[in-house]
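Below is one structure, written out as structure tokens; comments come after it.
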Amino acid sequence: MANKSGHGDIIERKIRPVYEAIDNGNYKKAVQMADRLISNKQKLAQLIQIAHIAKGVALFRSGKLSDSLEEVSKVSSEIVTDEFIIQAMVVFYKDAKPDEIPKILEKAVAAAKGSERVDFTNKLFLAYARTEDYKKQQQTAMNLYKLDGKKSTYWWAVFSNVLQANYSTDKNLSKKMFLPLAEKMMIKMINDGGLHTEAEILLYLMILRMNDKISEALKVLRGQVPEIEKGLLIHGDALEIELLQEANLYAELNASLKIYLRERCDDWHNFKLYLDSLFHLIDVKWQPADDNTDVNTPDYTVDMAMEFIRHLLKDGDGPEAKFYRGPHLAQMEIKKRHKLLTQGEEVQSCVPETFNTLLKDYFEKFGHKGCCFQEMTMYFDQVEDPKELISKLEETLLVDGSLAIDLLIEGKTADVKIADVCNRYICIATLKNYAGLYRDLSFDEKLKVSQQLIGYHGKGLNLGKDLKSTELQYTDSFCLLGCHLLMNLSNETNNGNDIWHIILILESALKASPSNPQMRIMLIILYCKIGAFDPAHKIFNTLAIKYIQHDTLGYLMTSNAHRLGHFKSARSVYEAEEKFFLVGRRDCVDQKLQAYKYGNFSKITEFIDFEKRLQNSLQHWTVKYYKFYLDVIHKSSSCEDALSFLKYPPREDISLNENFLNQLIDNRDVKVIRNWDKLEANQLQTEADWSMQLEALHLKYISINLQLLAHIMELGQVESGTPDPQTIISNLSTSLTKFIDESKHLHQRVLDHPGLKHSWTWYGPPQTRWKCIIDGGFDQLLLKAASVTLQLLCPSEETKENVQIEITAICQAVTDGLVNHNLCNENVKCFNGHNLEPYVLLVETLGYIVMVIAGCVKAIKSFPVTKKSRKKKGGQQGLSVDLEKFKLFINSVQSVCDAVVQNLTAIKDTFLVQYFSRLRIAFNLQNEEQTLEINNDLSDLWLKTYKSNESDMLKNVRDSYQASVQELLSVAKLKFNLIKSISL
Amino acid sequence: RWPEYFLAVESCTDEIMGYIMGKSEGLAEVEEWHGHVTALSVRPESRRIGIAALLMDELEKISDKQKCFFVDLFVRVSNVTAVNMYLSLGYIVYRTVLEYYVGDDNENAYDMRKACTRDKEKKSMIPQKDPVWPDAVAP
């Protein structure tokens, strides 16, 4: 340990156990140990300081932010120049309050001298870079340059100007001041000694591009500036294409791309750019300045382009020809664009073949590649008769009149590649689906197609029996498409029982192909659809998602755990996600600072933007608020508990305003399940947009609910001796009124949203919780409870009579909820998990009402309300709490809580056990009551899947349901005990 | 530190078909300055169309521009498909690294190499006879 005091070893020896306790999660112990060091009589100043910081870290890790900040401020408020102490503070503030870091270093810079000052100034620059204070980082970089004279420091100053320009809201200032200044600084350095590294040249190019000086940038790139070293740019060719495109230099762009495409004609991105430039040149009737017949002449007519493409196709005539997909696609693209250009009248001489012929040709060449389907869909819409094309394609699958795949499975041919035959078959099947040909089939025909696909999958597993577990089976896609079609069918007929069967098919398929991510994600979705979170969670864990996948795929868990009554799992899932967002942001900042170190300036802006994207992620805020809500509603057994949960985040953070919600970014990969239907793909995008909007509204809902609770709980905390009844009642009344207004407004916004009544695809974004909230009237129940509470606190002549009716109505709504979702109901033949979500909402809503009542009672009891005082001040609003009816309200809620507890106990102890002991999945069998009836037509598939997996699957699902019910029961009991303990 | 070594290939519908991540490392003085393949991945639907070869080719070009002597990579000995692909791209099995992949069953890795243009005599591609332990290959 470098330590100016010379006591480094002693300090390190004494502080190490504290940090070890922190690392082991023993925060309480760490605080105690740090306290002992602080109070030690024989103290070393540095030891005391580091002990304060260590204590701060322990407090922070245990969630006590304000206490931790206060602790560390005992050191940071002083002028510290000890590097070790500064480093410890920087580590603490990185997570707790990054804005504090520059303040510490500013003081250190001012106090330090010589090389120490250079060192602290360097750190100060990085601290400003961390907090994105671009102006100060520019000033600091220049100060540092004056001290150390390093070129790298100078580039930091230049780049800080670029950042100021990039992120300034005043674009005029950016254009007229920051960017010209950055360019001037670059030119000075070029004149003084030139540019000799790739990083320096890339920075200069970045500035020139931002200043719209593309021709200068091209000169630099082409090595035409003597002071700038040539040949240093690694991706110079790609950069030149970007610049030509940016400058709209279409002729040069086209010529450059021709050269590029001769080498990489499968690069579709650049092929499209070539075609873009071609059609632009055609559009402006471009002509060369002279009769230049150089090979680098751009193509400016369709004929020239076709000649170029034919040349590429000819190049591919050899044995490798089949690998060049680009020229074939380009032919179709030209034909498509030319058709548009000539307003539908195709010029036969351009590409004489029909799309039908071109696509058939494409299929013959590339049908055995996995990418063929996706590429063919680009031009499939151009085909006049898709059925005719499909039947032509199907002809290619025949060998001596039999399907190649049949021969293969039956072992009658060995002269083919298994993967090729399977890929060709599935490509056509998916194209049929894309074209909607399956959509038009009858129920029986659809079922037959699914059976056939799943049948092929089963038989095809033999072909891949030697494949490793890390490899996918040849026929996996058959199973996926078959199950996809079966699910669509199940949705059409609204037969939820089929899902159980599809799960079994997928479970079997997954056993044969354990690495298949699509199967796993599909299973996760289906298990959650039947309300079984546990098996879904287990499968999700096998995906081993990491880093940014928490943001893109974490929703598969976070949108279901809480909803399906797995509150403990929900908490752990939220914690894992929160950890990613915390660590992810920290990593982003660290990577950004590393990029400064290595001069990778273009990456710095990427990291800044990426960090913002993480910060504004819908998933990030959803997780944060769901966890918060979970703690407050589910874990609180008293007002004190609730208040402790409500302390962090601070009150102002609870309120989510519209601007904030509008800034949220949806990073969820809601299209993760492969889809082969064009119409569904379009619908999916609409659903993604709606899902984002409804999720934001749900965050608002949680925010409104938490705000009310926070306010009520705080009012109950009024210091004894200073109660002001009128103020308390008035504040409660204001909060409740605000809640009622906001809830009504929100309710209407949700009702008006088109997504609410929409029939969502089963594999798209998770269905919003709003549907269940609105259908079950749970938000209205909260609203009514708030309204009753308000009337009881501030009774008036008009409301006096109604309040009792409203209390009865609230209790009736809960009782109705129990009946409607009662699993013991004789009419409910199948428990398929649909009951769980409303049940969770019912318990949660009731729990919330209990919390509101408890908070209000606590607030009321903080001042004396006697019959005398009521009589005395009865005329004054706010002091005439209707105690009798309030008691009635408490008793009524208590009795419905009791009913919920009893109901859940019955489900747990008897129903689930009995139900599952008799449950089996079967066909339309007579006299079998506890069956999940499956359509007889699926019997063939069924027999192949159920035997090996049924009992495991049913056990997993039953255990999951039992866990849900157990957790719901715990919450209900907690709230029942709370309401029982309330007395007025 | 090495953004130029991070490349992805996108499909015609803008989906990631595959990616490669790499870096340069080693001492130039002992002719150990080399490009290294950290990860190469191609999604199942995009296999067998030359994506991996394309990405490897790019990485080799970058390593050439970085004045590297060779490119190296580690691959599970059981990953026959990948080993064969690298062999077809001109790589050789330089040596075996014992228990390089740690897991339930530790697995050996092949350290495969291909010379860059700077290594005219292809000295970097003379295979070692004896296997080594992972600490011998740590940069």
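The values are calculated or read from the model by the stated rules, or taken from the named source; none is laboratory data. Worth saying up front: this structure is predicted, and the values here are computed from it rather than measured. Every residue, glycine as well, gets a Cβ built from its backbone with ideal geometry; the counts of neighbours run over all protein chains shown.
Could we say that A:Glu507 is crowded, with 20+ Cβ neighbours inside 10 Å, charged (D, E, K, R) and part of a helix (DSSP H, G or I) here?
For A:Glu507, the condition - crowded, with 20+ Cβ neighbours inside 10 Å, charged (D, E, K, R) and part of a helix (DSSP H, G or I) - is met.
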So A:Ala165, is it buried (at least 20 other Cβ atoms within 10 Å of the Cβ), over 30 Å from B:Leu59 (Cβ atoms), more than 36 Å from the chain's Cα centre (by Cα) and not acidic (Asp, Glu): no
Selection status of A:Asp775, of a type in the set (Asp, Glu), crowded, with 20+ Cβ neighbours inside 10 Å and within 27 Å of the chain's Cα centre (by Cα): no
Checklist (1) surrounded by fewer than 19 Cβ atoms within 10 Å (Cβ to Cβ); (2) modelled with pLDDT of 85 or more; (3) under 44 Å from the mean Cα position of the chain (by Cα) applied to A:Lys369, failing item: (1)
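Is there a residue being crowded, with 19+ Cβ neighbours inside 10 Å and acidic (Asp, Glu) anywhere in segment B:72-79? Don't jump to the end; show me each part of the working.
Within segment B:72-79, the first condition is being crowded, with 19+ Cβ neighbours inside 10 Å, and the residues that meet it are B:72-73, B:75.
In the following step, the residues that additionally are acidic (Asp, Glu) were identified as B:72.
Yes, segment B:72-79 contains a residue that is crowded, with 19+ Cβ neighbours inside 10 Å and acidic (Asp, Glu).
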Candidates A:Leu144, A:Leu195, filtered to the one that is at pLDDT 95 or above and of a type outside the set (Ser, Thr, Tyr): A:Leu144
Residues being surrounded by 15 or more Cβ atoms within 10 Å (Cβ to Cβ) and at pLDDT below 95 - total across segment B:11-24: 2
Hits in segment B:25-36 (condition: surrounded by fewer than 17 Cβ atoms within 10 Å (Cβ to Cβ), within 17 Å of the chain's Cα centre (by Cα) and either within 12 Å of another protein chain (Cβ to nearest Cβ) or within 27 Å of A:Leu593 (Cβ to Cβ) (or both)): B:Glu25
Close pairs from segment A:449-478: first on the phi < 0 side of the Ramachandran plot and more than 14 Å from chain B (Cβ to nearest Cβ), partner assigned to a helix (DSSP H, G or I) and of a type in the set (Lys, Arg), Cβ under 7 Å, at least 6 apart: A:Gly458/A:Lys944
Test: residue in segment B:83-106 that is under 15 Å from the mean Cα position of the chain (by Cα), closer than 30 Å to A:Phe478 by Cβ and among the hydrophobic types (A, V, I, L, M, F, W, C): yes
Top-ranked residue in segment A:315-340 [being at pLDDT below 80 and more than 14 Å from chain B (Cβ to nearest Cβ); ranked as nearest to B:Glu10 (Cα to Cα)]: A:Asp315
Scan of segment B:53-78 for residues that are within 13 Å of chain A (Cβ to nearest Cβ) and part of a helix (DSSP H, G or I), ordered by number: B:Ala53, B:Leu54, B:Leu55, B:Asp57, B:Glu58, B:Leu59, B:Glu60, B:Lys61, B:Ile62, B:Ser63, B:Asp64, B:Lys65
Helices (runs of 4 or more DSSP H) lying entirely in segment A:544-608 (those with 2 or more residues that are within 14 Å of chain B (Cβ to nearest Cβ) and touching a Ser or Thr at 6+ places or on another chain (Cβ under 8 Å)): none
Within segment A:168-184, tally of residues that are of a type outside the set (Gly, Ala, Ser), within 22 Å of A:Ile228 (Cα to Cα) and surrounded by 18 or more Cβ atoms within 10 Å (Cβ to Cβ): 3
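Restricting to segment A:588-643, name every residue that is surrounded by fewer than 17 Cβ atoms within 10 Å (Cβ to Cβ) and farther than 30 Å from A:Leu202 by Cβ.
Listed by number, the residues that qualify are A:Lys635, A:Ser637, A:Ser638, A:Glu640.
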Selection count, segment B:42-52, where residues are in contact with a helix residue (DSSP H, G or I) (Cβ under 8 Å, 6 or more places away or on another chain) and either within 12 Å of another protein chain (Cβ to nearest Cβ) or outside any helix (DSSP H, G or I) (or both): 5
Condition check for A:Ile426: surrounded by 24 or more Cβ atoms within 10 Å (Cβ to Cβ) and within 14 Å of another protein chain (Cβ to nearest Cβ): yes
The listed residue being surrounded by fewer than 18 Cβ atoms within 10 Å (Cβ to Cβ), within 12 Å of chain A (Cβ to nearest Cβ) and either modelled with pLDDT of 95 or more or over 17 Å from B:Asp111 (Cα atoms) (or both), out of B:Ala8, B:Ala39: B:Ala8
